[in-house]
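Novice: There's a structure below that I have some questions on.
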Protein chains: 4
Amino acid sequence: MGLNSYSFRVRYAETDQMGVVYHGNYAQYFELGRVEWLRAMGITYKSMEDNGIMLPVISLHINYKKSALYDDLLTVKTQLKSKPMVKIEFDYTLINESGELLATANTVLAFMDKKTGRPIKCPDYILEKLDD
Amino acid sequence: MGLNSYSFRVRYAETDQMGVVYHGNYAQYFELGRVEWLRAMGITYKSMEDNGIMLPVISLHINYKKSALYDDLLTVKTQLKSKPMVKIEFDYTLINESGELLATANTVLAFMDKKTGRPIKCPDYILEKLDD
Amino acid sequence: MGLNSYSFRVRYAETDQMGVVYHGNYAQYFELGRVEWLRAMGITYKSMEDNGIMLPVISLHINYKKSALYDDLLTVKTQLKSKPMVKIEFDYTLINESGELLATANTVLAFMDKKTGRPIKCPDYILEKLDD
Amino acid sequence: MGLNSYSFRVRYAETDQMGVVYHGNYAQYFELGRVEWLRAMGITYKSMEDNGIMLPVISLHINYKKSALYDDLLTVKTQLKSKPMVKIEFDYTLINESGELLATANTVLAFMDKKTGRPIKCPDYILEKLDD
């Protein structure tokens, strides 16, 4: 249940007139983190949705420490918190190129059947990858 | 085939570090304009989609004249350009509270069947409203 | 230290392919809430920034209960949590037109001097308005 | 005055409930294109702004051909149209991993002095790079 790192550059559109990344846009960065965490395990979130599973976010907690700036090369580190059941929980840290901690975050997502809209268990093919 | 005016306030998230509204966000403002143009005719875009019709944008042209600022109360004026066939074309002007012209724009959208993904004619219930 | 309610309509651009409002966009809704809370007290956030005070968000917590949908008329209720000192804390609830609870949230923001980038106390003119 | 190619992956937040990338978000993609075009010449847009030059967009034209989808690996090709004077004009094409043409676009931007807000000529250090 490893840690995944993913780096990306801050876009102009993501800044606001305070001259820093708009605080609401961090949600996208943490999503990039967990999507790439999955991809690193050989799973795409796209294929999960295509196979009828959705993963709505049910809680989002962000603590902002330092501002992210335009054109910064950021790294989001994504860590699975525990074995997923009907929910899956991740912790994140976001750092800049100088290694400064910009934010920490936590999200809980729920496995949901796309057709019925009802909660389901974490698919076995994910649990198996986690056991590897 | 009237003109509709719709006013709204600029959000903080819509600005960028130039201290003005990010140019790409104007696309949302013109969409607000045409959605409210429809609503003023007694039609909601939501109900159109629910009834299986989608209206993808096939061209977007914006000319920027003056910057929109945070917390400005903007007005988008939306004008249907001609009787819609398989496409529907709108002209827009965006002004601020002082009446200054911020931008002009034009969009062409295509009527599309949601199931087949194929182009269709403008629904009769829209044409009838336009004749009123 | 009253409660303020503000209503607004969900934009198309705010949805994602799950067919609901993208979870990260709720941050903008809560910002609308506190900006209108301030305005209801006779203060604009714009004038605060123009006068050299910034209010960066230092934590954002959102719990998602039910999906917000395109064209929904939402209401955000914003409640100041305690007398502001160097920080100001708000609780929020977001409901739809049927009165269903969509989300609860909490933000903490810090008063900051724009020039020095250093924390400052809540300006007196805000404290005075709160005492009224 | 070469052509630059830049590839990136579509984010979930960029989609809308039509199941495709929201048309207004393409503006960000073309901005990525011209920012990376500059970087390929050894210039960062960030350093230009830091040195007092801004480049507001004064026109944006997009023709949409085919939908971009979530998780698609897109490539934006950015081509300078002519020698920049007080304005700089770019043509863009956006393609997906299968080589399908998704959109063409054109932007005109103006060189502007950040302090005075007045138009200026394209800086010599850019013209020199173009002559190389």
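Novice: When you go through D:22, D:64 one by one, which is the residue that is under 22 Å from residue B:21 (Cα atoms) and crowded, with 20+ Cβ neighbours inside 10 Å?
Specialist: Just a single option satisfies the conditions, and that option is D:22.
Novice: Against the definition (of a type in the set (Asp, Glu), modelled with pLDDT of 95 or more, surrounded by fewer than 20 Cβ atoms within 10 Å (Cβ to Cβ) and under 24 Å from residue C:122 (Cα atoms)), how does residue C:89 come out, yes or no?
Specialist: Against the criterion (of a type in the set (Asp, Glu), modelled with pLDDT of 95 or more, surrounded by fewer than 20 Cβ atoms within 10 Å (Cβ to Cβ) and under 24 Å from residue C:122 (Cα atoms)), residue C:89 qualifies.
Novice: A further question follows. Scanning for something of a type in the set (Val, Ile, Thr), under 19 Å from residue A:11 (Cα atoms) and in a strand (DSSP E or B), does region A:99-108 turn up at least one residue?
Specialist: no
Novice: Here is a list: C:112, C:41, C:48, C:54. Which entry is touching a Pro at 6+ places or on another chain (Cβ under 8 Å) and either under 18 Å from residue B:71 (Cβ atoms) or modelled with pLDDT under 95 (or both)?
Specialist: Criteria check complete, one pass: C:48.
Novice: Return the only residue of C:94, C:101 being of a type in the set (A, V, I, L, M, F, W, C) and surrounded by fewer than 17 Cβ atoms within 10 Å (Cβ to Cβ).
Specialist: Matching residue, one of C:94, C:101: C:101.
Novice: Say we look at region D:109-126 and pick out the residues that are assigned to a strand (DSSP E or B) and among the aliphatic types (A, V, I, L, M); which of these is surrounded by the fewest Cβ atoms within 10 Å (Cβ to Cβ)?
Specialist: Of everything passing the filter in region D:109-126, D:110 is surrounded by the fewest Cβ atoms within 10 Å (Cβ to Cβ).
Novice: May I ask you to list pairs of residues, at least six apart or on different chains, whose Cβ atoms are under 8 Å apart, with the first in region A:111-132 being acidic (Asp, Glu) and the second being in a loop (DSSP other than H, G, I, E, B) and surrounded by 12 or more Cβ atoms within 10 Å (Cβ to Cβ)?
Specialist: Pairs that qualify, where the first residue is acidic (Asp, Glu) and the partner is in a loop (DSSP other than H, G, I, E, B) and surrounded by 12 or more Cβ atoms within 10 Å (Cβ to Cβ), are A:113/A:52; A:113/A:120.
Novice: To continue, here is another question. With respect to the numbered conditions (1) modelled with pLDDT under 95; (2) among the basic types (Lys, Arg); (3) in a loop (DSSP other than H, G, I, E, B), which one is the sole condition not fulfilled by residue C:129?
Specialist: For residue C:129, the exception is condition (3).
Novice: Please verify whether residue A:9 is of a type in the set (Lys, Arg) and touching a residue at least 40 places away in the same chain (Cβ under 8 Å), treating the condition exactly as stated.
Specialist: So residue A:9 passes the test.
Novice: Same structure again: Could you look through region D:1-20, keep only residues that are touching a Leu at 6+ places or on another chain (Cβ under 7 Å) and not hydroxyl-bearing (Ser, Thr, Tyr), and pick out the one that is nearest to residue D:31 (Cα to Cα)?
Specialist: Checked region D:1-20; the qualifying residue nearest to residue D:31 (Cα to Cα) is D:8.
The values are calculated or read from the model by the stated rules, or taken from the named source; none is laboratory data. Only a predicted model underlies this, so the values are computations on that prediction, with no experimental measurement involved. Cβ coordinates were reconstructed from backbone atoms using ideal geometry, including for glycine residues, and neighbour counts include every protein chain displayed.
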